[in-house]
């Protein structure tokens, strides 16, 4: 027999539900805030990076020229994942 770990009485306790217009006990109401400090820092860091990274382009060219890249093992894993993926065009939801 499976023992339930949930309480039998699932009704909401009215002493825990805040009344409309009142803040929950122990919490003060405050206005919503939006800080763009992190976004500004990210933009500043991005501005310091070059748009084109020559070492990455060189690696991509070397891999594109390598006839054994990607390996057979990688190609098989990718193929298995494609075959195992659901066909979303048939999803009726």
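Can you tell me which residue within segment 3-54, out of those that are surrounded by 10 or more Cβ atoms within 10 Å (Cβ to Cβ) and in a loop (DSSP other than H, G, I, E, B), is modelled with the highest pLDDT? Filtering first and then ranking leaves 53. For residue 62, are the conditions met, namely being more than 25 Å from the chain's Cα centre (by Cα) and either surrounded by 10 or more Cβ atoms within 10 Å (Cβ to Cβ) or at positive phi (or both)? Here the answer is yes, as residue 62 does meet what is asked. Evaluated against (1) part of a helix (DSSP H, G or I); (2) exposed (fewer than 10 other Cβ atoms within 10 Å of the Cβ); (3) at pLDDT 90 or above, residue 67 falls short on exactly one condition, (1).
The values are calculated or read from the model by the stated rules, or taken from the named source; none is laboratory data. Computed from a predicted model, the values in this text were never measured in an experiment. With ideal geometry, Cβ positions are generated from the backbone for all residues, glycine too; neighbour counts draw on all protein chains shown.
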